[in-house]
Amino acid sequence: MLSSFPLSAAANPSDLRELLRTTFGFPAFRANQEEVCVAAVAGRDLLLVMPTGAGKSLCYQLPALARGGTALVISPLIALMEDQASKLIALGLKVARIHSGMDRAASRQACADYLNGDLQFFFIAPERLRVPGFAEMLAKRSLSLIAIDEAHCISQWGHDFRPDYRMLGERLPELRRGNGEGQAAPVLALTATATPTVQADIVAQLGMPAPAKFIHGFRRDNLAIEVVEVPVPMRAAVICKFLKDASRRPAIVYAQSRKQAELLAEELSHVVRASAYHAGLDSAIRESVQRSFQQSEIDVVVATIAFGMGIDKADIRTVIHAGLPATVEGYYQEIGRAGRDGQASRTILMHSYADRRTHDFLLGRDYPPVADLDRVYRLLREEPRELDELRYESKLSDEAFEKAIEKLHIHGGARVDFNGNATVGGPGWKKTYGVQADYRREQLELVVRYVEGHGCRMSALVRHFGDVEDAAQPCGVCDACDPAGAVLCLFRRATPVERTQAQDVIESLRTATYKTIKQLMSDLSWAERVGRDDFEKLLAAMQRAGLLASEEAVFEKDGRVIPYRKISLTGAGLETRATTAIALLLSDGIAEEFAPASSSGSRKRKTGSNAGTSSGKTSGGGTAAPVELSGVSVALAAKLKEWRTSEAKRLRVPPFIVCHDRALNAVAAARPVNLRQLLDVDGIGPAKAEKFGEAILEICRSNP
């Protein structure tokens with residue numbers, strides 16, 4: 001049995017510092033860690049929102065040791081779980097984990113060690129709580145604490161919403177109580193990506209009535225952020241030229257798709273040591289790339305968002321996004337991998353109208369019209385109906401039907417059993433689905449507003465995460481704060497006409513608390529002639545010069561929340577008169593040294609005509625075509641669906657949670673023989689491949 005560190009002593013900061021030194025080998029806490037650990041050791045429920053690399057893991061690991069006994073760690077990412085477990089084992093601590101990548105014998109041994117009181121840390125995936133009897137087994141022992149990693153996944157607003165996380169609120173009372181011995185286990189919710197809305201939802205879903213909240217450390221003053229409009233066809237050449245300079249490496253380039261990652265890596269490899277990394281690669285290749293990057297054997301990794309969770313490389317000098325990110329939270333987490341050694345580093349975000357079109361297409365695919373869902377909902381009855389029958393009667397395409405029934409199931413409009421039969425659910429699904437779909441659209445709008453913003457880039461990110469007080473301080477090094485210091489972004493001095501126009505803007509605002517951009521353009525006779533884009537560039541230049549302030553705001557109309565910006569004069573703007581010489585720098589595309597020699601694109605203002613996109617397995621505005629199966633493939637599809645039914649029964653979930661018909665038909669047609677080929681199949685993503693890939697491939701190999 002494990003001994004406990006005396007609670008009364010452990011709550012003493014000096015004793016915690018001693019435990020930090022003797023167990024973890026750290027001479028002192030990092031910023032904000034100590035107060036979190038003290039609260040956890042004292043038994044407080046808490047919510048910790050702290051950026052990647054700031055030391056969140058220690059904030060549950062050290063209190064767990066201080067409180068004694070076994071800490072339960074619930075984590076949705078196998079790679080992250082393995083990384084944390086291996087580091088704790090290396091410290092000589094007693095650790096076990098259970099996830100889908102382990103065999104049954106190892107899982108049984110982990111449970112036995114837990115019940116015997118031999119573990120200090122027990123890592124599980126949230127799906128494990130669905131296994132009959134597992135939660136009851138956990139409740140047979142008292143836990144020292146319960147840590148919920150990546151806690152944003154529990155929220156319906158989280159960008160990585162996981163239905164299995166939703167049951168935690170129901171399970172926690174039983175797990176916290178244990179066998180009734182001693183103090184109830186505190187719950188520690190930890191995440192790097194929770195906005196104030198998500199923070200509130202995490203607290204509500206976990207049933208924490210008065211948790212201690214620690215929202216810390218989002219400012220990274222050593223990161224110089226640049227946001228620049230670059231047409232899709234130009235990006236590879238620009239990135240190659242930018243990263244030729246050895247001082248800008250090591251670097252991570254985030255691509256929009258696996259194909260784009262491989263093409264970019266191929267081009268870069270002619271200039272620097274570069275490799276691609278994405279979930280479609282064999283695990284041995286991924287591990288080799290990650291290890292080579294960690295050991296500085298390669299200089300640049302071109303990756304999808306699958307890369308970076310386990311990376312602890314302090315000297316990354318540049319992070320480039322070769323396209324518009326899906327969320328501000330994800331973007332922040334990715335740029336946060338640069339400059340962890342505290343040295344000056346640079347991040348570049350490339351965007352164009354083509355990126356927005358691609359995201360709009362993906363959003364429309366993932367959140368179909370309410371009319372599609374309603375058409376299926378009206379066919380449901382109290383008595384079970386087969387999904388194939390409903391699909392036929394709905395007259396929707398296979399893809400549209402599968403997405404509609406999945407969303408109805410998630411939002412309670414349909415109940416689907418593991419045999420593939422559906423019954424009618426409650427009528428409230430329209431409201432929750434509509435709210436969720438609107439939130440997803442708002443996520444994209446926030447990214448667009450960020451790239452189109454005129455103020456300090458770092459302050460905008462800090463404000464996004466709810467730290468309003470810290471957001472008031474500009475970083476001084478981004479393209480908005482220091483345009484002269486920008487490397488990729490090109491700026492030019494304002495013309496005499498533009499300086500006169502700036503003076504007109506000042507006079508228009510002088511008598512108002514603020515105006516919207518629409519109001520300003522209406523007031524100024526020349527504004528419509530100039531056009532919205534160039535007018536925005538003038539306002540951005542005035543904001544960089546300290547003459548204007550911009551504040552994000554919203555208003556409601558017809559039940560919709562509509563964002564807008566309040567433009568007002570600063571003190572310097574109020575003091576500016578007609579005789580004042582206004583010095584303005586206007587953005588002017590990309591610096592000539594990085595523009596492709598045969599292109600004048602660096603000077604183009606409109607990039608929407610550059611239609612090249614990298615949208616993954618489907619492109620354009622259409623949907624994937626139905627898969628045509630041969631006689632042999634029909635037989636393989638039937639075998640795959642038999643396996644899916646068995647797996648759905650085992651997991652006690654609807655069949656489409658395991659895999660959609662469309663995806664299984666595509667597998668049968670492609671007949672993949674390895675993981676990379678499987679991941680090339682439309683409808684099979686990294687999560688599906690990780691959970692079910694080996695089983696699917698075995699069926700394909702056994703049925704040639």
Among residues of the range 330-359 being modelled with pLDDT of 90 or more and aliphatic (A, V, I, L, M), the residue surrounded by the fewest Cβ atoms within 10 Å (Cβ to Cβ) is Ala344
Can you tell me which residue among Ala540, Ala502 is within 17 Å of Val227 (Cα to Cα), assigned to a helix (DSSP H, G or I), among the small types (Gly, Ala, Ser) and in contact (Cβ under 8 Å) with a residue 24 or more places away in the chain? Ala540
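Could we say that Glu556 is among the acidic types (Asp, Glu), within 30 Å of Lys431 (Cα to Cα), in contact with a strand residue (DSSP E or B) (Cβ under 9 Å, 6 or more places away or on another chain) and in contact (Cβ under 8 Å) with a residue 12 or more places away in the chain here? Give the steps one after another, and end with the answer.
Working: among the acidic types (Asp, Glu): yes; within 30 Å of Lys431 (Cα to Cα): yes; in contact with a strand residue (DSSP E or B) (Cβ under 9 Å, 6 or more places away or on another chain): yes; in contact (Cβ under 8 Å) with a residue 12 or more places away in the chain: no.
Against the criterion (among the acidic types (Asp, Glu), within 30 Å of Lys431 (Cα to Cα), in contact with a strand residue (DSSP E or B) (Cβ under 9 Å, 6 or more places away or on another chain) and in contact (Cβ under 8 Å) with a residue 12 or more places away in the chain), Glu556 does not qualify.
Output the residues belonging to the range 331-380 that are closer than 30 Å to Val424 by Cα and of a type in the set (D, E, K, R). Lay out the reasoning, then the answer.
Filtering the range 331-380 down to residues closer than 30 Å to Val424 by Cα leaves 361-380.
Arg365, Asp366, Asp372, Asp374, Arg375, Arg378 - these are the residues of the range 331-380 that are closer than 30 Å to Val424 by Cα and of a type in the set (D, E, K, R).
Which one of these is surrounded by fewer than 16 Cβ atoms within 10 Å (Cβ to Cβ) and more than 15 Å from Val653 (Cβ to Cβ): Glu399, Glu389?
Working: Glu399 fails: surrounded by fewer than 16 Cβ atoms within 10 Å (Cβ to Cβ).
Exactly one residue qualifies, and that residue is Glu389.
Are any of the residues in the range 567-576 surrounded by 19 or more Cβ atoms within 10 Å (Cβ to Cβ), out of contact with any His (no Cβ under 7 Å at 6 or more places or on another chain), β-branched (Val, Ile, Thr) and assigned to a loop (DSSP other than H, G, I, E, B)? Steps first, answer last, please.
Initial filter on the range 567-576 (surrounded by 19 or more Cβ atoms within 10 Å (Cβ to Cβ)): 567, 569, 573, 576.
From what is left, the residues that are out of contact with any His (no Cβ under 7 Å at 6 or more places or on another chain) are 567, 569, 573, 576.
Still in the running and β-branched (Val, Ile, Thr): 567, 576.
This time we only want the ones that are assigned to a loop (DSSP other than H, G, I, E, B), so: 576.
Checking the range 567-576: at least one residue is surrounded by 19 or more Cβ atoms within 10 Å (Cβ to Cβ), out of contact with any His (no Cβ under 7 Å at 6 or more places or on another chain), β-branched (Val, Ile, Thr) and assigned to a loop (DSSP other than H, G, I, E, B).
Filtering the range 373-386 down to residues that are surrounded by 12 or more Cβ atoms within 10 Å (Cβ to Cβ) and touching a residue at least 40 places away in the same chain (Cβ under 8 Å), which residue is nearest to the chain's Cα centre (by Cα)? First the steps, then the outcome.
As a first pass, look at the range 373-386 and keep what is surrounded by 12 or more Cβ atoms within 10 Å (Cβ to Cβ): 373-377, 379-380, 384-386.
Adding the requirement that they be touching a residue at least 40 places away in the same chain (Cβ under 8 Å) leaves 373-374, 377, 380.
Values: Leu373: 27, Asp374: 30, Tyr377: 31, Leu380: 35 Å.
Here the answer is Leu373.
What do you reckon, is Arg391 in contact with a Phe, Trp or Tyr (Cβ under 6 Å, 6 or more places away or on another chain) and either among the charged types (D, E, K, R) or at pLDDT below 90 (or both)? Walk me through it before giving the result.
Numbers: in contact with a Phe, Trp or Tyr (Cβ under 6 Å, 6 or more places away or on another chain): yes; either among the charged types (D, E, K, R) or at pLDDT below 90 (or both): yes.
Yes, satisfied.
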Of all residues in the range 453-469 being part of a helix (DSSP H, G or I) and at pLDDT 85 or above, which is nearest to Ser587 (Cα to Cα)? Arg457
Show the residue pairs meeting these rules: Cβ distance below 6 Å; 6+ apart or different chains; first residue within the range 156-185 and assigned to a helix (DSSP H, G or I); second residue at pLDDT 65 or above and among the acidic types (Asp, Glu). Asp164/Glu127
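Just one of Arg258, Arg219 is surrounded by fewer than 22 Cβ atoms within 10 Å (Cβ to Cβ) and at pLDDT below 95; which is it? Walk me through how you get there before you give the answer.
Working: Arg258 fails: surrounded by fewer than 22 Cβ atoms within 10 Å (Cβ to Cβ).
Matching residue, one of Arg258, Arg219: Arg219.
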Within the range 683-695, track down each residue that is among the acidic types (Asp, Glu) and modelled with pLDDT of 80 or more. Glu694
Could you pull out the residue among Gly92, Gly117, Gly101, Gly133 that is in contact with a helix residue (DSSP H, G or I) (Cβ under 8 Å, 6 or more places away or on another chain), surrounded by fewer than 17 Cβ atoms within 10 Å (Cβ to Cβ) and either modelled with pLDDT under 95 or over 25 Å from Ala39 (Cα atoms) (or both)? Gly101
Of all residues in the range 60-85, how many are in a helix (DSSP H, G or I) and either crowded, with 21+ Cβ neighbours inside 10 Å or aromatic (Phe, Trp, Tyr) (or both)? 10
The condition of being in contact with a strand residue (DSSP E or B) (Cβ under 8 Å, 6 or more places away or on another chain) and under 30 Å from Leu569 (Cα atoms) holds, among Val451, Val424, only for Val451
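Working only within the range 522-537, note down all residues that are part of a helix (DSSP H, G or I), of a type in the set (A, V, I, L, M, F, W, C) and more than 13 Å from Ser587 (Cα to Cα). Break it down stepwise before answering.
As a first pass, look at the range 522-537 and keep what is part of a helix (DSSP H, G or I): 522-523, 527-530, 532-537.
Next, only the ones that are of a type in the set (A, V, I, L, M, F, W, C) stay: 527, 530, 535.
Hits for the range 522-537 are Ala527, Val530.
The values are calculated or read from the model by the stated rules, or taken from the named source; none is laboratory data. This one's a predicted model, so the numbers in the text were calculated from it and none came from an experiment. Every residue, glycine among them, receives a Cβ derived from its backbone with ideal geometry; neighbour counts consider all protein chains shown.
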